[in-house]
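Take a look at the structure set out below.
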Amino acid sequence: MKKPSQSAAAAAPEPRPGAAAAPRHPRLPDQITVGFGPAGLLGRFFLKADAAARARGVTLSLAPVQQLVETNLSHSATWRPLLPLFNPAVGGITDETGLCIIGRNAEGEIVATQGARLYDWSNSNFHEAATSLRMFYADPERQSRPGEQCRVSAPSARDIRGRVVLSGAGWYRPDHRGRLLSSILPRISRALAYTRWQSDYTIGLIAEPVVSGGMARRAGFTNVEPSVELIASPVGDRVCCALVWMQPTQLFDDLAEFLSDFDAQVDAGIHHRRA
C-alpha cells in the first residue's frame, strides 16, 4: 500500500516443496494508494483486511473489471448472472469508473470477487437513475430486455445523489463460504472506492432473502431499506432487493469498528517488517 511511495505488503509465501508454483499476481496492499480520506485509518484497515483474507487462505488483488464478467460466466452454476452495470459491454463501466477485487487460493484459482462502480449523479439521484434503467445500461432503450423495469420505493432513494458508488458483484466459491469473506471484501471495496473517488454515498442492492440471512449486517452497511424490485432483469423475472447505503462518516465508523473487533491482527507483522 502506498501513501504515496510507501509499500507495506509482506513477501508472498514460498510454494510448498514439490508443489507447482501458482501464477504470481500483485498483492492488494501494493496496488493501493491512499488518496482521499483519513490516511491512518484507511492504511491500517487495508493491512488488516488483507491479513484477514490471507488468514482464511485467500490472497487478494485488483484486476480489470472485465475479470468480473469472465469469472461470472465460468462459475454460472454457483453465481447468478451479473447485473449489467458491471458488464463493460452493456453497462458502460470502465477501469476508470469501476474496480474489481479478486481473491485466489493457494493454487491461484479464483475463489472470491467483489466489484464497485462510480456514478456521477450531481444532477440526478438513485431513484431516477434506477427507474430509468440508466443505472444498469449505457443505452437502456436499445440494451434492456423486453418488459424490464426497476421499481423503487425505498424512502431515501431520491436523497442519494452526487458521487455515488455501488458496491456489488460479490461471489464466494462454495468451498470458501462461511469464512467471513463477506465481512472483508465489501468493506475493502467501499474503502478503496472512497479513497479513489471521494464518494458521497456507497450503496448496494441485496436480495431480500440474503438480507434476512444477515448479509447486510455482516458486510457492515448502516442503512437497510425496502425495496427495489427488478422485473424481467438478467438476474431474474422478479427479484426484490433492499437498498443498503451509507455516507462517509458511517463508512469510517464501520472501518474503525472492524479494526477494533475483527479477529485478524497485523501489529506483530508490521513490527517485524519495520524491524
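The values are calculated or read from the model by the stated rules, or taken from the named source; none is laboratory data. Here the structure is a predicted model, which is why all the values come from computation and not from measurement. In this analysis, Cβ positions are derived from the backbone assuming ideal geometry, glycine residues included, and neighbour counts consider all displayed protein chains.
Could you please let me know if Ala232 is aliphatic (A, V, I, L, M), at pLDDT 95 or above, buried (at least 18 other Cβ atoms within 10 Å of the Cβ) and at positive phi?
So Ala232 does not fit the description; no.
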Give me a count of the residues in the stretch 50-66 that are farther than 25 Å from Leu133 by Cβ and either of a type in the set (Val, Ile, Thr) or in a helix (DSSP H, G or I) (or both).
8
Leading residue by the ranking (farthest from Trp197 (Cα to Cα)) among those in the stretch 38-50 that are touching a residue at least 24 places away in the same chain (Cβ under 8 Å) and surrounded by fewer than 19 Cβ atoms within 10 Å (Cβ to Cβ):
Leu41
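Just to verify a result, which residue in the stretch 178-187, among those that are surrounded by fewer than 24 Cβ atoms within 10 Å (Cβ to Cβ) and under 16 Å from the mean Cα position of the chain (by Cα), is farthest from Asp120 (Cα to Cα)? Full working, then the answer.
Taking the stretch 178-187 as the starting set, the residues that turn out to be surrounded by fewer than 24 Cβ atoms within 10 Å (Cβ to Cβ) are 178-180, 182-183.
If we keep only those that are under 16 Å from the mean Cα position of the chain (by Cα) too, we end up with 180, 182-183.
Working: Leu180: 32, Ser182: 27, Ser183: 27 Å.
This residue is Leu180.
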Filter the stretch 15-56 for residues that are closer than 20 Å to His176 by Cα, at pLDDT 90 or above and either over 19 Å from the mean Cα position of the chain (by Cα) or among the aliphatic types (A, V, I, L, M) (or both) and give the result.
Leu28, Ala49, Ala51, Ala52, Ala53, Ala55
So which residues in the stretch 80-93 are within 15 Å of the chain's Cα centre (by Cα) and either part of a loop (DSSP other than H, G, I, E, B) or more than 25 Å from Arg177 (Cβ to Cβ) (or both)?
Leu82, Leu83, Asn87, Ile93
When (1) surrounded by 19 or more Cβ atoms within 10 Å (Cβ to Cβ); (2) in contact with a strand residue (DSSP E or B) (Cβ under 7 Å, 6 or more places away or on another chain); (3) part of a loop (DSSP other than H, G, I, E, B) are applied to Arg117, the one that fails is (3)
Would you mind finding the one in Thr78, Thr33, Thr71 that is hydroxyl-bearing (Ser, Thr, Tyr) and surrounded by 17 or more Cβ atoms within 10 Å (Cβ to Cβ)?
Thr71
State whether one or more residues within the stretch 204-219 are over 29 Å from Pro146 (Cβ atoms) and at pLDDT 95 or above.
no
Quick one: count up the residues across the stretch 127-157 that are touching a Leu at 6+ places or on another chain (Cβ under 7 Å) and among the hydrophobic types (A, V, I, L, M, F, W, C).
5
Helices (runs of 4 or more DSSP H) contained entirely in the stretch 147-252, each with at least 2 residues that are among the charged types (D, E, K, R):
185-197, 215-219
Based on what the data block shows, is Arg134 under 24 Å from Leu73 (Cβ atoms), without any contact (Cβ under 8 Å) to a residue 24 or more places away in the chain and out of contact with any strand residue (DSSP E or B) (no Cβ under 8 Å at 6 or more places or on another chain)?
no
Residue pairs, Cβ under 8 Å, 6 or more apart or interchain, first in the stretch 142-167 and of a type in the set (Asp, Glu), second at pLDDT 95 or above and in a strand (DSSP E or B). List them.
Glu148/Ile231; Glu148/Ala232; Glu148/Ser233
Given Thr195, Thr222, which one is at pLDDT below 95 and not small (Gly, Ala, Ser)?
Thr222
